[in-house]
Every structure is written in structure tokens, then in C-alpha cells.
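The block underneath contains the structure these notes are about, expressed in C-alpha cells.
The values are calculated or read from the model by the stated rules, or taken from the named source; none is laboratory data. Worth saying up front: this structure is predicted, and the values here are computed from it rather than measured. Cβ coordinates were reconstructed from backbone atoms using ideal geometry, including for glycine residues, and neighbour counts include every protein chain displayed.
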């Protein structure tokens, strides 16, 4: 059993209290409180200073150089700042801990800055440990320039709190258990900013977000071990996820399950998947997504706006749409193993995208109807430039499709409709074959007799296929107004 030294009596008329660790750092004797060397429960000395300052309306605790060993909570009162000396000040949970410990518990308007928090997970026995826990109405708190490492559970928990700033901190190898490095725990957490933090080797998710009206911006997330970089739950809404850099994760770079979130200007590379959107009314804009194991962007709910993203080098689809009423506009999609854009659902607008070097199709619609596919530029697809199968009542208008069938000469078409694709409007497209070893078979191919009553007119198809410009094996295809063949 650890013995605790008698706590000192301090002058509470001062607004700043300094604390040192005996025998450590430069001239520890200059401090107001000197924590004895050896032993644990150093939190008692910090709590003494904090309680005294709270009595007089707040103030600052300055921790001098040294390692402060704790086995209980540090409770910061309102308007109290605890400030260290950078990497030379460390608060560490003692070896063999088997208790619930929040290294810091905070209330309102407190500040933690410029120190290391070491959870000592390597030497723990059991129970739950966090570095910082802000809960029960905590507000206007600020955590800045803190290195948090080796914490068993969530490094920081925000629960039922508002106006919190988590700024310029580093998270290293935390979260063997729990939800993630930074856990925004419920929908009552609001109006907080998560800016300029670095997350490395997160054992779970780096950021697990349940709250609303957050700014999660300019963070760097590298080398997640088991899960997503940023996870947004189905209760999270009206958040801005902006300018984050996410690299090397085994799941999604950003996994958005909430509504009405703005996800923009993020860079996601070398993750298994890029961005997942499984709820409605989200805007995914101006992101760069590259070197991805599966899909670049996956949409599985309605009324989302996907615009001006760059998606490159994915091992599956660039953008995959599996729900209705989504807008996919102005994206650049390059060097894909499968499709540039694929959709299996109806009433989507796919407009003004640039798709280059799709490993299979530039745009692939399988079963989705009533969609608008217009003004896209599709270049050098391995199979078809545009393929609809079982898709009806869609507009394929004003697209420029060039040099499809790069996988095998005279085998695939620039635009192809097949298998019960009926009543589609295929107009004003320009299909081009510029020669080379592998050329498209047809400019436009209505491939099967079960494709009924498609309107195919006003297309520029001259010299667009090695076999021919237009092939019509459909039933009741309308070409009366003519095509340029």
C-alpha cells in the first residue's frame, strides 16, 4: 500500500501556484508545492492547488519539469489552468493500476496545456482509464499542446458538453478498448472544435463522433490499427469535417452515418476505403481520395451531394451509388480497377464528371432507372465507357466517350444498353475512336432485343467503332431524327 505525504499549506491569495517533483528538473525548490520523490498519488498535490484556486475564482497551476505519478483523478475546477513545460512534464498512471482513472476531470472554462499524459497501458492490470474526461455540462474548456500516449480506453471523452476546443494535441497508440482516441459520446455534445491534432497508431477509431455542430478540421490521422479514421454516428449532424489528412487505415478514412454534414477538402490515402455516406443530406466536396483498397466514395442513402472530388487509384469503384436522389457532379475519377461511377438505384444525377482509365466501365448502371447521365467526359475505359443493364427511363445526354475497349480490341462499346433497358433517351453524345491497338466495337450498341423503345438520336458517332458506329438489336428503337454515322 502506498503512503501519502502530508499536503502542504499554501498561500491562496496568489493566482498562480507552481508544483515541482523533488529531485527532478531545474531547481525544483523554487516551487510553491514540492511533491516528494517516489511514491504515487501525486494527484493529491495537484488537486490541492486546484481546489484552492477554485475557491478564489480560478487561476493557474504550473507543473515544472518532472514525472508525476498518479493513481486517481485530477479534478480541475472552473477557470483553472494546468500548464506543464512541454515534453519535460509528464503525468503518468502508476504501474499495476486496477481502478477507474480519469487523469483529468474538468468542469467549465478550464485549460490543460503543454504536457505529456501517459496512460501506462503497458503496465495496467484492469478497469477503465482515460486521459481527459469532460462531462456533465462542462463547457468553454481548452486542451492544447498535450501529448497523450498509451491510454487503455479513450484518450479524451466529451460527454454532454459544449464549446470545447481540442487544439494542436498529439495522440499516440491509445484506445486498446473503447470507441476511439477522441470520443464525442452523445448528441448533447455541441459547438466544439477539434483542430490541428495528430493521431498516430490509434488502436480503434481516431475520432468517434456522436455530437453536432462541431468543426473537425486540419487534423492528421496516420496508421490506424483496426478501424476508421473519423467515424460520424447516425445522431451526428451539422458538422464540418474539413482539411483533414488521413493515411493508412484498415477501414474507411471517413465513415459518415449522420445527416447534413459537410465533408470537404480532406485528403485520404492508402486506406481500405475512402469516404462512406450512409445517411442523407450530406455534402462531400473537394476531397482527394487516392490509393484505396476498395471504393473511393460509397453512397448508400438519399439526397447527398458529391461534387468536385478527385478519386484516383482505387481497387474497386471510384464512386459507388446504392440509393436514390443523389447528385454526383464535377468529380475527377482516374485509374480505377473497376468502374469510375457505378449505381444500382434510381433518380440519380451524374453530371459533368471526368473519368479516365477505368479498369472496367466508366459509368455502370445496374438496375437503376430515371437517372440523368449527362455531360460526362469518359476516356480510355477498359470495357464500356457507359453501360446500362436493366436500367430504364434514363437520360444519357451530351456525354463525350472516347477510346473504350482498351482491355480487348473490338469487344466493348463506347455506350451500350442491354438486358431490359427500356425507354431511355440517348441523345447528343459524341463517341470517338482515335485508333490504336485496342478500339471500341461500336459507338453505341443497343445490344439485346429486350431493350424496348429507346430513343437514340442526334449523336455524333462518325468512325466511333471498329465494327460500326451504331448497332441496334433492340425492339422499337427510335432513330428517325438521325445520328451522324
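Observations on the structure shown:
- Residues considered: 140, 130. Of these, the only one that is in contact (Cβ under 8 Å) with a residue 12 or more places away in the chain, crowded, with 20+ Cβ neighbours inside 10 Å and within 28 Å of the chain's Cα centre (by Cα) is 130.
- Restricting attention to the stretch 34-46, the residues that are under 44 Å from the mean Cα position of the chain (by Cα), crowded, with 19+ Cβ neighbours inside 10 Å and either modelled with pLDDT of 90 or more or part of a helix (DSSP H, G or I) (or both) total 5.
- Qualifying positions in the stretch 184-200 - assigned to a loop (DSSP other than H, G, I, E, B) and under 18 Å from residue 129 (Cα atoms): 185
- When residue 181 is tested against (1) under 13 Å from the mean Cα position of the chain (by Cα); (2) in a strand (DSSP E or B); (3) at pLDDT below 95, only condition (1) is not met.
- The strands (runs of 3 or more DSSP E) located wholly in the stretch 59-127 that include 1 or more residues which are without any contact (Cβ under 8 Å) to a residue 40 or more places away in the chain occupy 66-70, 74-76, 80-83, 89-93, 101-108, 111-118.
- When 391, 400, 405 are screened for being in the same structural domain as residue 468 (by TED's automatic domain parsing), within 24 Å of residue 337 (Cβ to Cβ) and out of contact with any strand residue (DSSP E or B) (no Cβ under 8 Å at 6 or more places or on another chain), only 405 passes.
- Taking the listed residues 323, 283, 313, the one that is more than 15 Å from the chain's Cα centre (by Cα) and under 20 Å from residue 234 (Cα atoms) is 323, with no other qualifying.
- Inside the stretch 160-172, residues that are surrounded by fewer than 21 Cβ atoms within 10 Å (Cβ to Cβ) and assigned to a loop (DSSP other than H, G, I, E, B) make up a count of 3.
- Filtering the stretch 334-361 to residues that are outside any strand (DSSP E or B) and closer than 21 Å to residue 391 by Cα leaves 338, 339, 340, 344, 345, 346, 347, 348, 352, 353, 360, 361.
- Filter pass, residue 4 being at pLDDT below 90, surrounded by fewer than 18 Cβ atoms within 10 Å (Cβ to Cβ) and not assigned by TED's automatic domain parsing to the domain that holds residue 107: yes
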